[in-house]
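Here, each number is a calculation from the coordinates, and none is a lab measurement. Quick caveat: nothing in here was measured; it's all calculated off a predicted structure. Cβ sites come from the backbone with ideal geometry, for glycine too, and all protein chains shown count toward neighbours.
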Amino acid sequence: MEKPLVIAITGPTATGKSALGAALAREIGGEIVSCDSMQVYRGLEIGTAQPTREEQAQAPHHLVGFLGWDQAFSVSDYVALAEKTVREIHLREKLPVLVGGTGLYARSLLRGFSFREDCRDASLRESLLNETQERGPEEMYNRLKRLDPQAAAEIHPHNVKRVLRALEYCILSGEPFSAQAARSRLAESRYRYLQFCPVFRSRQALYDRINRRVDRMLEEGLLQEAQRFYEYCREAVSLPTAAQSIGYKELFPYFAGTMGLSEAVENIKRESRRYAKRQLTWFSREPVARFLYMDDLGGVQEALSTILQAMREEGFI
């Protein structure tokens, strides 16, 4: 039996993935499946750079803005929902177009990584969250380094959600979190897929795009959106996952009166640039990813033509 087809457009932030994905889906009559860990949240449309109304009008979009910002959402949750969505799109005889920059989500879905759901415990997770608030994220990261140095090397210290998930797994299973990842790498993908990554040869060109996008977000109302979220977080028993999203956590000190606005905005730009750098590293390790150098191609239409040509050559269309 032939594997279902999927087209993936993944890569660093601010490279034009949403516009390219929408243009491709419109061209081939496909449907977009978001692959972004923060775009799932309702009420955080600006800061998470959810597709614009114009982009969403070009093709059906799935897994965007459907979850309350107080709800947890894991990679295994994503894979289960995305697999169901892909199946439904194929039943409609359409082609799924996966679009987003969360590398772990893309890799887990496309390459068939599996997860042990038995290694979860709500009370332990709550305890780890409380410990994080008392001792700080750095201490929790150091604890992970002692338990599982390999996992710690692959998880960014500021990614509190992933650090705590790895700790939870280590404690409950009695084995390193990295052992599960190693087993998952042996899994076979259930899809036949092509993966494209829009990037820029010029790092400065990418950074300039990131800076301009942050400025545009502020013009569109990021400050007001982030303040509503801040007020919610201030009253919450424990911080929701979305509070770690770039664009919100950098503004929280401003709302608290401990930092000026210009410094907070510069922090958003700096953290976004750092995130893009980590994404570049991640996607460069994907074995079948094809980089689309946007500064060479010149724009969305040229990138679209490149993708369509590759799809023809591979028998996707």
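Calculate, for Arg135 and Arg26, the FRET efficiency according to 1/(1 + (r/R0)^6) with r their C-beta to C-beta distance and R0 45 Å; round to the nearest 0.05. Once the sixth-power term is evaluated, E becomes 0.35. The stretch between Glu154 and Asp77, if pulled fully straight at 0.36 nm per residue, gains 25.6 nm over its current Cα-Cα span.
The length gained by stretching the chain between Asp295 and Leu124 to full extension, at 0.36 nm per residue less their Cα-Cα distance, is 56.8 nm. Once the chain from Arg274 to Ser262 is taken as fully extended at 0.36 nm per residue, the excess over their C-alpha distance is 2.5 nm. Ordered by the count of other Cβ atoms within 10 Å of each Cβ, fewest first, Val86, Val97 give Val86, Val97.
For the chain, what does the helix formula give at 222 nm: sum of -39500 (n - 2.57) over DSSP H segments with n ≥ 4, over the residue count, nearest 500 deg cm²/dmol?
After summing the helix terms and dividing by the residues of the chain, the value is -17000 deg cm²/dmol.
Distance between the pseudo-spin-label points of Thr281 and Leu239 (7 Å out from Cα toward the beta carbon): 2.2 nm. Here the residues Thr241, Thr48, Thr10, ranked from fewest to most Cβ neighbours within 10 Å of their Cβ, fall in the order Thr241, Thr48, Thr10.
Taking the Cα centre of the stretch 46-193 as origin and assigning +1 to Lys and Arg Cβ atoms and -1 to Asp and Glu Cβ atoms, the resulting dipole is close to 540 debye. With a simple spin-label model that places each label point 7 Å from the Cα along the Cα-to-Cβ direction, the separation between Ile171 and Asn142 comes to 1.8 nm. When only the Cβ of Lys, Arg, Asp and Glu is charged (+1, +1, -1, -1), the dipole of the chain relative to its Cα centre reaches about 700 debye. For Lys161, the lysines whose Cα falls under 17 Å of its own Cα, not counting residues fewer than eight places away in the same chain, are Lys145, Lys249. Going Cα to Cα from Lys94, which lysines come in below 22 Å? Please leave out same-chain ones fewer than 8 positions away. Straight-line reach from Lys94, under 22 Å: Lys3, Lys17, Lys84.
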